[in-house]
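No lab work stands behind these numbers, since they all come straight from the coordinates. Note that the coordinates shown come from a computational prediction; the quantities given were computed from them, not determined experimentally. Don't worry about glycine lacking a Cβ; one is built from the backbone with ideal geometry, like all the others, and counts go over all protein chains shown.
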Amino acid sequence: MRVPAAYGNTARWQLTAQQAVSYAVLPKAGLVVTLSGTDQTYVLTAREAGTGKVRWVSKPVKGLGEAYAPKLMVVSAGGKEFAVLWSTGKSGGDALTKAQQIYSIDVFAAEGSGQDAVPAQHLEIPMPSGGRHEVLDGGGGKLLLDSVTDKVTVVDAATGAQQTVEPKSLTAPTGCLQKPLSFR
């Protein structure tokens, strides 16, 4: 049987479902980052895409979601790539104090190495009440904390700097179509 060269058998590796709850590809760094774990403790493992060789393994990260694993995504800024692990849930609280709903965001630089890699950024950001809560790739290394409210929090993945903006105050970049499209 003839097989295309891209599917040669010189370098193969695979993961089981238990080894990877989720994964993300960092193409510039040539890495595949996998998320694995149980009981709300998760680990990221960065492997060289071509060989499967482990480049770095994160320190265990606690997820906040009670019924689901944290979500994994990739953002790029200034030619660098970052693996971003995020979840939403409650933090703090005790018999006298109510727990606070937060976004928990851990940002790992692609160029890490070794065991127990720590995130370049660990952020815990209060969540507005109500609505849907997602972390989206805003482009240029920016994370958008979307909560379907009248404000959006923008986070710089590389520095952790945060800014809250009102969607109504945003305008289309210069050169973009400034009037609605007609499909007639």
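Extension gain, Gln18 to Lys90: 0.36 nm times the residue separation minus the Cα-Cα distance gives 23.3 nm. Computed from the Cβ-Cβ distance with R0 of 25 Å, the FRET efficiency linking Leu136 to Lys98 stands at 0.35. Modelled spin-label separation between Lys53 and Val25, with each label point placed 7 Å from Cα along the Cα-to-Cβ direction: 2.1 nm.
Highest mean packing comes first when the peptides 81-88, 100-107, 121-128 are listed by Cβ atoms within 10 Å, giving 81-88, 100-107, 121-128. Take the Cβ atoms of Thr41 and Val154, set R0 to 30 Å, and the FRET efficiency comes out at 0.55.
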